[in-house]
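Novice: Before anything else, here's the structure in question.
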Amino acid sequence: MSDFEALSPAMLRAGCRDGSFDGPTSGHAPGFVQANMVILPSDYADEFQAFCEKNPQPCPILEVLSVGNFQSEYIAPQADVRTDLPRYRVFRDGVAVEDPTDVREIWRDDFVTFLLGCSFVAEAALLEAKLLLPHIAETGFVPMYRTTVPCNSAGRFEGMMVVSMRPFTPEEAERAAEITKHYPMAHGAPIHIGDPEALGISDLLKPEFGQPVTMAEGQVPVFWACGVTPQEAILNAKPPIAITHAPGHMFVADITSESTRI
């Protein structure tokens, strides 16, 4: 996968489209925004947008496409959300049924696409500050965990927050928190540092999504809100069909991470 690291977002999306790239996107196209994605039938869209607005830390909205539109207009003009992600997750009646690399065959004219902020947006800033991210070197998958932290519900959408974890020393954790608080589209500052049980996480070696990472002696887990949270809400809302990114397989946009910094 290293051949893709230096590619532009457009070239990386082309690799998704022609099937030559179907892996996790962490560490690829550094410096550019990566987005979580949720596609829903239009009669679920207003409630889902309200869910995002009530839970801006795990679900920051970057762009909402108009009904039936499958091309981004703002964060990656002309990019096709049906083909330009490395892998998708398809839900039917709230159950994940497949992880295809292309969803053109199941596209519907009543779909509404939401592109949501992702913690990968801030990873380039962390790396620039010499804060190492072991998941990039080890597996390409950041570990993600279900928590017992409830989201604010909106209509049929409700559920617990999902978090991603990166290990740092206590001093590094403070620096990471200071850096990421300036990136609200990357979920902002950590929601918790230290004890995973405070979030209802019993075993760091068994993430529900992604892969575990090595924690060195003296490091503590640092948890950020995660864009997989909407997938948990979809399980509860049970729309007849929904499409998201497969965890870790993001939509790589053309806007820079720095453009989202505040």
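The values are calculated or read from the model by the stated rules, or taken from the named source; none is laboratory data. This one's a predicted model, so the numbers in the text were calculated from it and none came from an experiment. Cβ: placed from backbone, ideal geometry, glycine included. Neighbour counts: every protein chain shown.
Novice: Looking at the structure I just gave you, is residue 113 on the phi < 0 side of the Ramachandran plot, part of a strand (DSSP E or B) and exposed (fewer than 15 other Cβ atoms within 10 Å of the Cβ)? Outline the logic, then answer.
Specialist: Working: on the phi < 0 side of the Ramachandran plot: yes; part of a strand (DSSP E or B): yes; exposed (fewer than 15 other Cβ atoms within 10 Å of the Cβ): no.
Criteria not met by residue 113.
Novice: What number of residues in the stretch 197-235 are polar (S, T, N, Q) and surrounded by 14 or more Cβ atoms within 10 Å (Cβ to Cβ)?
Specialist: Final tally of qualifying residues: 4.
Novice: Could you list all residues from the stretch 146-182 that are touching a Ser or Thr at 6+ places or on another chain (Cβ under 6 Å) and hydroxyl-bearing (Ser, Thr, Tyr)?
Specialist: 164
Novice: If you don't mind, another one. Within the stretch 39-85, which residues are within 28 Å of residue 8 (Cα to Cα), under 16 Å from the mean Cα position of the chain (by Cα) and in a loop (DSSP other than H, G, I, E, B)? Can you show your working first?
Specialist: Taking the stretch 39-85 and keeping what is within 28 Å of residue 8 (Cα to Cα), we get 39, 57-66, 68-85.
Filter again for under 16 Å from the mean Cα position of the chain (by Cα), leaving 39, 57-64, 75, 81, 84-85.
Listed by number, the residues that qualify are 57, 58, 59, 60, 75, 81, 84, 85.
Novice: Filter the stretch 213-226 for residues that are out of contact with any helix residue (DSSP H, G or I) (no Cβ under 9 Å at 6 or more places or on another chain) and touching a residue at least 40 places away in the same chain (Cβ under 8 Å) and give the result.
Specialist: Narrowing the stretch 213-226 to residues out of contact with any helix residue (DSSP H, G or I) (no Cβ under 9 Å at 6 or more places or on another chain): 217, 225-226.
Hits for the stretch 213-226 are 225, 226.
Novice: Within the bounds of the stretch 127-149, is there any residue that is under 17 Å from residue 30 (Cβ atoms) and among the basic types (Lys, Arg)?
Specialist: Within the stretch 127-149 (the criterion being under 17 Å from residue 30 (Cβ atoms) and among the basic types (Lys, Arg)), the answer is yes, since at least one residue qualifies.
Novice: Return yes when residue 162 is outside the structural domain of residue 78 (by TED's automatic domain parsing) and buried (at least 21 other Cβ atoms within 10 Å of the Cβ) and no when it is not. Break it down into steps so the answer makes sense when it comes.
Specialist: Numbers: outside the structural domain of residue 78 (by TED's automatic domain parsing): yes; buried (at least 21 other Cβ atoms within 10 Å of the Cβ): yes.
Here the answer is yes, as residue 162 does meet what is asked.
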